[in-house]
Amino acid sequence: MTGIRALSFAVVVLALVSTACSVSTPRHEAASVRTSGVGASATSEARGDPSGGDPLPGGSPHLAGYRQPGGPPRGQDPEPETSPGSATATPSAATASTRVGEGTRASGVPPGLTASAPGVTKDSITVSVIAGFSGPLAAMVTRAYDGLATWQDDVNAAGAISGRRIVLKKVDHKETADGGVAACKEALSNGSYFALVPEGIDATLTAVSCLDAAGMPTLYYSATTDPKWRMAFADIVTSAGGGTAMASYVRTRLGGATKKVGVIYVNQASYKEMADHFVPEAKKLGLNIAGVESVEANQASFTAPLLRLKNAGVQILVISATTDAIGILRDAKSTGWTPQFTGWGFQFDFVTEAGRNLFDGVAGVRSYATVDSAAFEKYSARMRARGRGRNRTDDLEGFNAYGHGLVASEVLKRAGANPTRQSFVTGAESMQNYDNGVMGPFSWSPSDHVGVHGVFPTVCCNSDYTWKGQGPARTTF
Amino acid sequence: MTTVIVNGLFVGLVYGLLAVGLVVIYRGSRIINFAYGETGMIGAFVFSELWVDHHVPLLLAMVAGVALSAALGAATEVALIRPLRGQPPLNAMVGTLAVAALILSYASRRYGLYPRFLPPLVSGKGVHAGGITISPNQLVILVVAVVLLAGLGALYRFGSFGLRLRATALDPFAAGMVGVNTELTSVATWALAGGLAGLSGILIAPAVSFSVFFMSTLLLRSVAAALVGGLTSVSGAFAAGIALGVAEGVIGYVSPVKGIVEVALAGFVIVLLLVRPSGLVRSAY
C-alpha cells in the first residue's frame, strides 16, 4: 500500500512539475523563435500581391532550368569538397555520366556542368529531407513530403535546375534529439548536397547544428535557431518578427491606438517570444498595454487570467497560442467577455475546424498564405496534376513544404551552374525580398540567415472554416 | 470572484468524475490504472466519429463509445491484470502505463494529433445569472455526475453485485471461498470503470481542446483528488476533485505568479501524504 501511494505521489508531483513543459502543439505549427539579434524591427513593407509575379509552376523562371542570376557569381568559390559521403560526386562518376548518348537526361545536360560538390553530379542534385517520418507526427510529415515530392516532380519535369534533376532522400529524425544527430550522420553519408529540415524542435536543433558543423547547407523550419549557424537558413517568419508585425497590425488594422490591449500567451518558447517582442513594439507605437498573462498548455480552464484581463478593461486581446486558443476563446466567451480577439500562432485551418464558431470574426496574422489565395490555388492544381490532390482544409503541410521547395529552387539557381556548398550559402545570402507567394517575402544576408519576413493578415473564416486572406503579406501595417 | 468559483466548480466536477473511476478500480484491484484516461479518450473519439462523422444518433453513439471503453477496461483486466495477480501491484501499474502508451499510439495514428471539432452534446443558451453563464454542457456534466455518484453509492451499499465487489476488494481469497466468482467480479469492476471513463470522456470532450491527449492531462489532477479520498472513497474523491477545481481557479485568479497553481497543488499532495498518508477521507468498504 505504501509503495502504491509513493508511486502515485511521485507520478502526480512529477507530472505537475512537468506541466509547464508540456507540448501541445504540433511541431510545425509553432512559429519560430529567433535567437539571433536581427528581426525585431519591422522596416519595410513587403512587395505587392503574393499572387503577382507567378512564382509557382507554370510560369516560374526558376523551374525552367538554370539562368545566371544577377546575384551571386557562378563558381565563385573553389571550395574543396572533402566532406564525408561524396561518393556520388567524384570526378570519375561525373565523367562516366557525361558520355554522349548515355540517356535522355544526359543528352539534355548543358555543357560544362561538373560534379562540383558532394551530392551534385552533372545531371542530379541529391537533397536529404530530414523529418520525423516515423515519429508521432508521421502523418503530418507524410503530407508535407507530398508537397516536396510535387515540387521535385515539377522541377524535374520543367527541365530540372541547370539540367540537374532533384533527387530527394528521406531521412528520419524521429522527432528526437538523438534522432536528429543520427539523421545528420545519415545525410552526411548518403551523398546529399544539402538538407531540407521542414519540421521538428529538438530534432531540428541537433540535426541542423550537426550539419552546420560538418559544412552541409540546410534550409530549415524550426521553432528555434542558433545565431552561430553558418550554413543554415530559416525560411519562416520568426515569432519575434511575428510579434513585431502584430503590433503594427493591432494599431493600424484593429484601431488599437485608442483602445486597451491585453496579451495572453502559452508559456512555451515560441509563444512567449512573440509576446516578448509584441509588447515593447506595441508600447513604442503608443499602444496601451493593459495586461499580460501567461497560461500553461492544456490548462483545464483559462478563466482566471482572462478575468484579470477583463477587469483591466482590455478591449483587444492578443492571443499567442495554437490549439489552446480554442480553450481561451471558449472560456472568455463563457464569461460573457467578447473583446476583439486577435493573435498569432493559431491561424491554422485545423484549429478553426476544431473550434468553428468560436473563431468567428477573430483576426490575426500568419506565416503562410491562406487557402483562398492564388498561390494555394496554383499549388493545389499542381498537386492534383501529380495525383496528390486533397481537400484544402487538410493540406497546410503540403502547401508549406511546397513553398520550402520553391525557396530551395531559388537558392540552387543562385548557387551557380556548378554549385558548391559555399556557393549555396552565397546564393542564399543574396536573396532579397524573395516572394513565392506561399510564405511571406523575406531577405537573407551574410549577417542574417533568418531574415525579416512578411506576414499575411487573415480573419476567420471562409464557409469551410478555413482562414480568409485579407491582402498581401507585409512586415508592417 | 463568483465567476471564478463557479467556473472552478465545473472544472472540479470533471476532476471528480475522473477520480471516481480511479477509485472504483483501486477498490477492486488495489492498483491505480494509469490507462484510465486513455481508455476514456478512445471511447470519446469513437463516439465523436460515429456522431459527428457518421451521423449516428447521439444516444446510440454514446452507448457505443461507453461500451467500447468498458470492453477495453475488461480486456485490460483479462490480458494484463489477471495474469499479474499475485505479483506486486507495482507490476500491474507499470503494465497499465504500457496500455496507456498503446492506446495513445493507436489513437494518434488513427485520429492524428490535432484537436477535433465536437459540438456541445446539448444545444441551448444555458443559464445566465449574476454575469455568469453556465452552458448546457456544464449542466449535463453536473446532472450526470450527481446521478453517477448516487448510483455508485447505491451499487456498493445495497446491491448484491456491490456486495461481491466489496467482498472481492477486501479479501479475494475469502470471497472466493464463500462462492463469489472473483474473476468475474474483477472483470466487471474493470468494465464498470472503463465505462465510467468513456462516459466521462464523452461529457468532457466538448468542453476542452479535444485531442488524443485531452484526458491524460486532466487525469493528473484526478489522481491527486483520488489520493485525497484515500483511493477508496468515491464521495471523498469526488468532493476532493471539486475542491481542487475551485482552489485552482481561486489561486490562479488571486495570484498572478506563474506556476503557482502547480506548486500549491504539489505542496498540498506532499503535505497530505506526510501528515495523513491514508487520505483525508477513507472508505471502510
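The values are calculated or read from the model by the stated rules, or taken from the named source; none is laboratory data. All figures in this text were calculated on a predicted structure; none of them were measured in a lab. Cβ atoms come from the backbone with ideal geometry, glycine included; neighbour counts cover every protein chain shown. Ligands, DNA and RNA are stripped out before the accessible areas are found, and what is left, the full protein with its side chains, is counted by its heavy atoms. Shrake-Rupley method; radii C 1.70, N 1.55, O 1.52, S 1.80 Å.
Tabulated data for the structure shown
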{"read-out": "Loop-resident sites, region A:212-306, for chymotrypsin sites (Phe, Trp or Tyr not before Pro), counting at most 12 other Cβ within 10 Å (DSSP)", "value": "none"}
{"read-out": "Cα centroid of region B:34-62 to Cα centroid of region B:163-193, whole Å", "value": "29 Å"}
{"read-out": "Inter-label distance, nm, simple model (7 Å from Cα along the C-beta direction), residue A:357/residue A:333", "value": "0.7 nm"}
{"read-out": "Pair residue A:394, residue B:181: separation of 7 Å Cα→Cβ label points (nm)", "value": "4.4 nm"}
{"read-out": "Bins of 5 Å, starting at 0 and running to the largest distance - Cα pair percent for region A:240-366", "value": "2, 12, 25, 26, 22, 10, 2, 0"}
{"read-out": "Protection proxy ranking, peptides A:361-367, B:120-126, B:103-109, average beta carbon neighbours within 10 Å, highest first", "value": "A:361-367, B:103-109, B:120-126"}
{"read-out": "Accessible area of region A:240-366 belonging to carbon and sulfur atoms, whole % at 1.4 Å probe", "value": "46 percent"}
{"read-out": "Whole-angstrom gap from region A:243-267 to region A:329-352, using each part's C-alpha centre", "value": "14 Å"}
{"read-out": "Set of lysines near residue B:125 by C-alpha distance (under 16 Å), chain-local residues within fewer than 8 positions excluded", "value": "A:333"}
{"read-out": "At R0 = 30 Å, FRET efficiency that the Cβ-Cβ distance of residue A:384 and residue B:52 yields, to 0.05", "value": "0.65"}
{"read-out": "Sulfur and carbon atoms: percent of accessible area, region B:1-48 [1.4 Å]", "value": "68 percent"}
{"read-out": "Burial of 20 Å² or greater, region A:311-357 residues [accessible area, probe 1.4 Å, versus chain by itself]", "value": "A:311, A:323, A:326, A:330, A:334, A:335, A:350, A:354, A:356"}
{"read-out": "Residue A:447-residue B:170 pseudo-label distance in nm [points 7 Å out on the Cα-to-Cβ vector]", "value": "8.1 nm"}
{"read-out": "Accessible surface, per residue, of region A:164-259 when the full set of protein chains is kept, probe 1.4 Å, Å²", "value": "30 Å²"}
{"read-out": "Theoretical FRET efficiency, 1/(1+(r/R0)^6), r = Cβ-Cβ of residue B:255 and residue A:176, R0 51 Å, to 0.05", "value": "0.90"}
{"read-out": "Cα gyration tensor shape for region A:140-192, rounded if a/c is under 1.5, else prolate or oblate", "value": "oblate"}
{"read-out": "For a label point 7 Å along the Cα-to-beta-carbon line of residue B:91, residues of region B:160-183 with backbone N under 19 Å", "value": "B:172-173, B:183"}
{"read-out": "Interface burial for B against A (accessible surface, 1.4 Å probe, total of both chains, Å², rounded to 100)", "value": "3800 Å²"}
{"read-out": "Region A:240-366: relative contact order in percent, alpha carbon pairs under 8 Å with at least 6 residues between", "value": "27 percent"}
{"read-out": "Cα centroid of region B:211-285 to Cα centroid of region A:158-237, whole Å", "value": "45 Å"}
